[in-house]
Amino acid sequence: MSMIRDLRAVVRPTLRKSHASYDYGPNSARTPVPSSVVDCAVYRDGRRASDHVSPREALDKVRAAGEGFVWIGLHEPSEQEFSGIAEVFGLHPLAVEDAVQAHQRPKLERYDDSLFTVFKTIRYVEHAELTATSEVVETGEVMVFTGRRFVITVRHGGHGSLRALRHRLEDNPELLAKGPSAVLHAIADQVVDDYLAVTDALQDDIDEVEIDVFSAAQGRSARSGGDAGRIYQLKREVLEFKRAVSPLLRPMQLLSERPMRVVDPEIQKYFRDVADHVARVHEQVVGFDDLLNSILQANLAQATVVQNEDMRKITAWAAIFAVPTMITGVYGMNFDHMPELHWRFGYPTVLVGMVLVCFAIHRGFRRNGWI
């Protein structure tokens, strides 16, 4: 139970590019660390043993001691910057290409004695009012290379920083002593916790749109089409969120169920909690998508009803004006022999007749709700 409390305490609270080529080969001297490297440190017995070292020096220290691991954090590295690190740690070229190019689906891949995991990070974008052009969620990526003696994190995007997470793990040496798999679990849990926070915020936006669509003032907004635009924009943002969550279900299931050499058995069972939360978020996002479909259909149906009511009113008034139009049309044919054509009271009689007929038709339409 103490391990569970430690895990929750750690994961639950919340640069530039260079185009130079960096050599980390065995014959290299102390090479400057690329600007994309946010942090590089050696951890031994759960404590930070050394920092301000190059990736090659950090790995040499771990190999010399025969224990501990290296944690390197990078932010949007260039191909040249990452190629040297990839060579030192023996990273697979396909995984390296994915890490540099970004825009990958969440996934888990195994290469010999290392794992390559891709997470989509999600941030809720605050907005005063939801419009047809509002950005609701912002996505980024965190890629994690996990080996027996190293963990390398590559972050893309302006959010999802792991600096606070690193500090929290360093404050819990007992947990960090479990090795790179403890870092992988902490990252996965933080990413999924952010998902939960975003779903709560999205729920508020969807509730607001739902209330607006079914409010008493819907008749006016249905004519303008404003609600349809907001609903469609919100649906697109939910779809983007869904693309981040759905592919992550299988990787979390594998990490929680299938034994892996680089994952500590004590850490593996805690991936079940992450997998459960991913499944929960996925269900919520799918529910959001279905609910927005229903709201959009209801909005379009209401707009159709309003249009039908307008057409019904136009038709009713056209029927009323058709009566005097027909009578005046008949008496405007200029025949010499027509009934009451030369009668003294013919004109007022026809006018009174037209008014009475129009009044009767108007009353009938009003009684039936057409006007």
**Request:** Could you please state how large a percent of the accessible area of the stretch 34-109 is carbon and sulfur, counting protein chains only and using a 1.4 Å probe?
**Result:** 44
**Prompt:** With the Cα gyration tensor of the chain giving a ≥ b ≥ c as the square roots of its eigenvalues, does the rule (a/c under 1.5 for rounded; else a/b larger than b/c for prolate; else oblate) give rounded, prolate or oblate?
**Reply:** prolate
**Prompt:** Ignoring ligands and nucleic acids, what accessible area does residue 109 show with a 1.4 Å probe (Å², nearest 10)?
**Reply:** 50
**Fill in**
If each part is reduced to its alpha-carbon centroid, the stretch 147-213 and the stretch 237-260 end up apart, in Å, by 14
**Request:** For the stretch 234-353, give the percent of accessible area contributed by carbon and sulfur heavy atoms, probe 1.4 Å, rounded to a whole number.
**Result:** 59
**Prompt:** If ligands, DNA and RNA are left out, what is the accessible area of residue 243 with a 1.4 Å probe, given in Å² to the nearest 10?
**Reply:** 150
**Request:** Hand me the tally of lysine pairs in the chain: alpha carbons under 18 angstrom apart, and the pair either on different chains or 8 or more positions apart.
**Result:** 4
**Prompt:** Accessible area of residue 83, 1.4 Å probe, to the nearest 10 Å²?
**Reply:** 60
**Asked** Sorted by accessible area (1.4 Å probe), largest first, how do 300, 130 line up?
**Response** 300, 130
**Request:** State in Å² the accessible area per residue of the chain; use a 1.4 Å probe, count heavy atoms of protein chains only, and round to the nearest integer.
**Result:** 52
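The values are calculated or read from the model by the stated rules, or taken from the named source; none is laboratory data. Quick caveat: nothing in here was measured; it's all calculated off a predicted structure. With ligands, DNA and RNA removed, areas are computed over all heavy atoms of the protein, side chains included. Shrake-Rupley method; radii C 1.70, N 1.55, O 1.52, S 1.80 Å.
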